[in-house]
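See below for the structure under consideration.
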Amino acid sequence: MANIVFIATSLDGYIADKQGKLDWLYSIPNPDNVDTGFNALMEDIDAVVMGRNTLDAVLSFNCDWPYTRPVFVLSNTLTHVPRGYEEKVCLVKGDLKEILAELNAKGFNDLYIDGGLTIQNFLNEDLIDRMVITRLPMLLGGRRPLFGELKNPLNFRVTISEILLETLVQTTYQRDKS
Ligand SMILES: NC(=O)c1ccc[n+]([C@@H]2O[C@H](COP(=O)([O-])OP(=O)(O)OC[C@H]3O[C@@H](n4cnc5c(N)ncnc54)[C@H](OP(=O)(O)O)[C@@H]3O)[C@@H](O)[C@H]2O)c1
């Protein structure tokens, strides 16, 4: 059972630029369309849990739906799943530990946790087991940071760190509770 973060950040730790956009993510040349881990992640997980803002961002891309697993979207404001996504998306809300207990009871054990505020909330409850962070060598200068304040410090072990596409530094951090 693992809650996994898989996310790209700028060198200064932002996950979206000042306009809230992700164009910078696609500025790294990748002529052979090398998969930097997303496809393998999809194979490893049972479901995705994301914040509503991340769903909005994905839907705004007008691309093919990227997820091959069920997606649970956290929201207090959405009253129904956007039209066309009823088979792919479920809405959930409330206490994160209760949501996780319900998902685990349904057999969704390995979860990809996505969205800035969502990841911060999970970390604040010490509910993240692994983080795969892909860092791009650029400074965005704001506005949405990956990390925020925490109730308690959390230690992680580095298990893998590698350079991808001669540009990206991808590091896997495993929560260390010892
Ligand atoms: N760099 C990357 O790899 C990457 C990856 C993912 C996202 N992003 C970017 O990050 C931004 C989105 O992140 P974000 O920090 O704005 O927000 P987010 O975590 O995607 O979504 C936050 C929203 O989730 C809902 N929420 C969170 N916890 C909840 C709970 N326990 N119960 C009910 N609802 C809950 C709330 O929605 P309501 O307001 O509906 O209540 C909240 O406003 C976008 O710009 C996106 O493009 C970047």
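The values are calculated or read from the model by the stated rules, or taken from the named source; none is laboratory data. On a predicted model such as this, the values are computed, not experimentally measured, just so you know. Note that we place each Cβ from the backbone using ideal geometry, even for glycine, and neighbour counts take in every protein chain shown. Calculation scope for accessible area: heavy atoms of the full protein, side chains included, ligands and nucleic acids excluded. Shrake-Rupley method; radii C 1.70, N 1.55, O 1.52, S 1.80 Å.
Yes or no: the range 95-109 includes at least one residue that is open to solvent by 20 Å² or more (accessible area, probe 1.4 Å), of a type outside the set (K, R), under 20 Å from Q170 (Cβ atoms) and without any contact (Cβ under 8 Å) to a residue 40 or more places away in the chain. Explain how you work it out, then say what you get.
So in the range 95-109, the residues open to solvent by 20 Å² or more (accessible area, probe 1.4 Å) come out as 95-98, 101-102, 104-109.
Then drop every residue that is not of a type outside the set (K, R), which leaves 95-96, 98, 101-102, 104-105, 107-109.
Within this subset, residues satisfying the condition of being under 20 Å from Q170 (Cβ atoms) are none.
Taking every residue of the range 95-109 in turn, none turns out to be open to solvent by 20 Å² or more (accessible area, probe 1.4 Å), of a type outside the set (K, R), under 20 Å from Q170 (Cβ atoms) and without any contact (Cβ under 8 Å) to a residue 40 or more places away in the chain.
Please go through the range 126-162 and give me each residue that is in a loop (DSSP other than H, G, I, E, B) and aromatic (F, W, Y), ordered by number.
Residues of the range 126-162 in a loop (DSSP other than H, G, I, E, B): 126-129, 137-143, 146-155.
Of everything in the range 126-162, just one residue is in a loop (DSSP other than H, G, I, E, B) and aromatic (F, W, Y), namely F147.
Condition first: modelled with pLDDT of 95 or more, open to solvent by 40 Å² or more (accessible area, probe 1.4 Å) and out of contact with any strand residue (DSSP E or B) (no Cβ under 8 Å at 6 or more places or on another chain). Can you find one or more residues in the range 3-13 that meet it?
Of the residues in the range 3-13, the ones modelled with pLDDT of 95 or more are 3-13.
When the remaining residues are screened for being open to solvent by 40 Å² or more (accessible area, probe 1.4 Å), the result is 11-12.
This time we only want the ones that are out of contact with any strand residue (DSSP E or B) (no Cβ under 8 Å at 6 or more places or on another chain), so: 12.
Yes, the conditions are met somewhere in the range 3-13.
Can we say L123 is outside any strand (DSSP E or B), within 15 Å of the ligand (Cβ to nearest atom), closer than 17 Å to G51 by Cα and of a type outside the set (G, A, S)?
Values: outside any strand (DSSP E or B): yes; within 15 Å of the ligand (Cβ to nearest atom): yes; closer than 17 Å to G51 by Cα: yes; of a type outside the set (G, A, S): yes.
Against the criterion (outside any strand (DSSP E or B), within 15 Å of the ligand (Cβ to nearest atom), closer than 17 Å to G51 by Cα and of a type outside the set (G, A, S)), L123 qualifies.
Of everything in the range 15-29, what is farther than 18 Å from I113 by Cβ and in a strand (DSSP E or B)? Give them in sequence order.
none
Quick grid of which residues meet (1) open to solvent by less than 40 Å² (accessible area, probe 1.4 Å); (2) under 18 Å from V5 (Cβ atoms); (3) in contact with a Pro (Cβ under 6 Å, 6 or more places away or on another chain); (4) not in a helix (DSSP H, G or I):
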site	(1), (2), (3), (4)
P31	no, no, no, yes
A40	no, yes, no, no
T54	yes, yes, no, no
T77	no, no, no, yes
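If we scan the range 44-51, do we find a residue that is assigned to a helix (DSSP H, G or I) and touching a residue at least 24 places away in the same chain (Cβ under 8 Å)? Talk me through it step by step, then tell me what you get.
So the first thing to find is which residues in the range 44-51 are assigned to a helix (DSSP H, G or I), and the list is 44.
Subset that is touching a residue at least 24 places away in the same chain (Cβ under 8 Å): 44.
Scanning the range 44-51 turns up at least one residue that is assigned to a helix (DSSP H, G or I) and touching a residue at least 24 places away in the same chain (Cβ under 8 Å).
For the range 130-140, does any single residue satisfy the condition of being without any contact (Cβ under 8 Å) to a residue 60 or more places away in the chain and farther than 24 Å from D17 by Cα? If you could, list the steps in order and put the result at the bottom.
As a first pass, look at the range 130-140 and keep what is without any contact (Cβ under 8 Å) to a residue 60 or more places away in the chain: none.
No: zero hits.
Could you figure out which of (1) basic (K, R); (2) surrounded by 16 or more Cβ atoms within 10 Å (Cβ to Cβ); (3) within 12 Å of the ligand (Cβ to nearest atom) isn't true of R130?
The one condition R130 does not meet is (3).
Collect the residues in the range 94-120 that are assigned to a strand (DSSP E or B) and away from the ligand (no atom under 11 Å from the Cβ), keeping them in residue-number order.
D110, L111, listed by residue number.
Is the range 85-93 home to any residue that is near the ligand (Cβ under 8 Å from one of its atoms), over 27 Å from R135 (Cβ atoms) and open to solvent by less than 40 Å² (accessible area, probe 1.4 Å)?
Filtering the range 85-93 down to residues near the ligand (Cβ under 8 Å from one of its atoms) leaves 92-93.
From the residues that got through so far, the ones that are over 27 Å from R135 (Cβ atoms) too are 92-93.
Of the ones still in play, those that are also open to solvent by less than 40 Å² (accessible area, probe 1.4 Å) are 92.
Taking every residue of the range 85-93 in turn, at least one turns out to be near the ligand (Cβ under 8 Å from one of its atoms), over 27 Å from R135 (Cβ atoms) and open to solvent by less than 40 Å² (accessible area, probe 1.4 Å).
Whether any residue in the range 59-71 is within 10 Å of the ligand (Cβ to nearest atom) and modelled with pLDDT under 95 is what I want to check.
In the first step, residues of the range 59-71 are kept if they are within 10 Å of the ligand (Cβ to nearest atom); the result is 60-61.
With modelled with pLDDT under 95 added as a condition, the list becomes 60-61.
Yes, that holds for at least one residue.
In this structure, does D114 turn out to be of a type in the set (D, E, K, R) and under 13 Å from the mean Cα position of the chain (by Cα)? Before the answer, list the steps.
Numbers: of a type in the set (D, E, K, R): yes; under 13 Å from the mean Cα position of the chain (by Cα): yes.
Taking the combined requirement at face value, the residue satisfies it.
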